[in-house]
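The values are calculated or read from the model by the stated rules, or taken from the named source; none is laboratory data. This one's a predicted model, so the numbers in the text were calculated from it and none came from an experiment. Here the Cβ positions follow ideal geometry from the backbone for every residue, glycine too, while neighbour counts run over all protein chains shown.
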Amino acid sequence: MKRELPLLPSLPITRRSALQTAGAGFSYLALQGLLGENAPKVQAAETPPAEKPLAVKAPHFPAKAKRIIFCYMQGCISPIDTFEYKAAVQNNDGKVGPGGDTLTASKFKFAQHGETGTWMSELFPHLAKQVDQLCWLRGLHTDTPAHPQAVIQLHTGTALAQLTRPSMGAWLTYGLGSENQDLPGYITINPPPNFGGAVNYGSAFLPAHYQGTKINDQGYVPNLKASAPSTLQRKQLDLIQSMNRDLAKNPSKPDELDGVIQSYELAFQMQGKVPELLDISKEPQHVLDLYGVKPGPAGSFARQCLMARRLSEAGVRFVEICQPGWDHHNNLHKGLISNCAAVDQPTAALLVDLQQRGLLDDTLVLFGSEFGRQPTAQGPDGRDHNITGYPMWLAGAGVKHGFSYGATDEYGIHAVEGRMHMTDLHATLLALMGLDHEALTYRYAGRDFRLTDVAGNVTREIFA
């Protein structure tokens, strides 16, 4: 039975009494949040007001990085042919390697670049000029060699299918909010439709306004185009929102309705901002040439990189861009030539452009795949999956430049130094953004969840 509170005696309302009463009310709400079993727990700044769920929140500790651009190479780059020169593989081509498989040398030439003397394949001539900006993580390893589970683990922290988890972009937006209230805090461009689909940019049990907004490489946002003049649309939206708020008062209705209300408001704001922001044709020609922008599928990644810079500059907290087609169980060499040509110049241009604009000082760029590939042959022209040792790289805010952490064995199969599990990568990314991965939690179904679950160590050796 619902308990009714006793009526308070009628008293004259003064400014002092009004402030005292309001203060008591807010204190009660805070106490209710502390005592409530299902209350979310973010050990950062105060939870923003309901009408501004994406308001900026202070990090747990000072950090240089304010935003992340994740360049995701879906399907897994072959390290032996791109970023990992292994003399033992090159010198023993065709011989039996560890495990009884045939070693297959790369057909591409390697050379050392920059003051650091970093080895780089001829497939990346533009990125080779930026090697002194890069911070390599060369001892990564993960849990499953299957793409669907590995992709989901890269994006959400777990490969378990029993319970969908929030994506890392959603966790970052939940922990830090958005720097631009007229834009989503998290945008994913050209996400792969397979291997988890929307799970990779979803919010799962976090409130819906923290999920990623999907756009394509042409800058198209589904269902965003206005269907009526803005004044009329505002009246329609006000009517719908009033009905939504009335419905939200019903305790039997799900909390996700708040997310629906906020998504409508954000979409209305986006209609006036996003089309212009994603129109890269207004960029100067020298910028378009820098990225190598061209029409058609061949120019997809260049357009994504330029859009990512524009979105980051506008205050979007997490932007992911994607180049599919790296799953080279066959057609390895022609496939690598095509894919590397698509991403090399745009990726290098992104670093140069961010640096020229002063954005690399507080933007973190992550480049990599869900796992690596073997140094041995698979069929006449392919390489199989390798989850025991592979590289990724970082650049920008908070990390050392021209630095390499960890290493694989002489054949590039197993991580033997500076080993980093996927949970370690996530913990480190959160720390670079000023978030303690053990404190960034959300209570759901009677348990505190976090991106790193019950694991994860921060690799502070790479911190600048």
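Quick notes on this one:
- Among (1) closer than 16 Å to Ile189 by Cα; (2) surrounded by fewer than 20 Cβ atoms within 10 Å (Cβ to Cβ); (3) under 23 Å from the mean Cα position of the chain (by Cα); (4) without any contact (Cβ under 8 Å) to a residue 60 or more places away in the chain, the one test that Leu306 misses: (2)
- Residues in the range 203-216 that are part of a loop (DSSP other than H, G, I, E, B) and buried (at least 22 other Cβ atoms within 10 Å of the Cβ): Ser203, Gln211, Gly212.
- Any hit, the range 426-446, residues being of a type in the set (Val, Ile, Thr), surrounded by fewer than 22 Cβ atoms within 10 Å (Cβ to Cβ) and closer than 30 Å to Asp81 by Cα: no
- Filtered by the rule that a residue be in contact with a Pro (Cβ under 8 Å, 6 or more places away or on another chain) and either hydroxyl-bearing (Ser, Thr, Tyr) or on the phi > 0 side of the Ramachandran plot (or both), the range 409-440 gives Tyr411, Gly412, Gly434.
- Some residue of the range 288-298 being part of a helix (DSSP H, G or I), out of contact with any Asp or Glu (no Cβ under 9 Å at 6 or more places or on another chain) and among the hydrophobic types (A, V, I, L, M, F, W, C): yes
- Residue check for Leu140: surrounded by 23 or more Cβ atoms within 10 Å (Cβ to Cβ) and part of a strand (DSSP E or B): yes
- Residues of the range 178-190 satisfying the condition of being closer than 24 Å to Thr428 by Cβ and surrounded by fewer than 24 Cβ atoms within 10 Å (Cβ to Cβ): Glu179
- Contact map, the range 194-210: first residue farther than 16 Å from Phe318 by Cβ, second residue among the hydrophobic types (A, V, I, L, M, F, W, C) and not in a helix (DSSP H, G or I), Cβ cut-off under 9 Å, separation 6 or more or different chains; pairs are Phe205/Leu163; Phe205/Ala445; Phe205/Phe449.
- Among the residues listed as Gln181, Gln162, the single one being within 19 Å of Asp448 (Cα to Cα), at pLDDT below 90 and of a type outside the set (Phe, Trp, Tyr): Gln162
- Checking the range 103-115 against the condition returns no match, with no residue being hydroxyl-bearing (Ser, Thr, Tyr), over 25 Å from Gly396 (Cα atoms) and modelled with pLDDT under 50.
- Hits in the range 340-393 - residues which are surrounded by 23 or more Cβ atoms within 10 Å (Cβ to Cβ) and either assigned to a loop (DSSP other than H, G, I, E, B) or at pLDDT below 95 (or both): Ser369, Glu370, Phe371, Gln374, Pro375, Arg383, Gly389
- Tallying residues that are hydroxyl-bearing (Ser, Thr, Tyr) and farther than 15 Å from Trp136 by Cα within the range 98-120 yields 3.
- Just one of the numbered conditions (1) in the same structural domain as Leu332 (by TED's automatic domain parsing); (2) modelled with pLDDT under 95; (3) of a type in the set (A, V, I, L, M, F, W, C) is not true of Ala50: (1).
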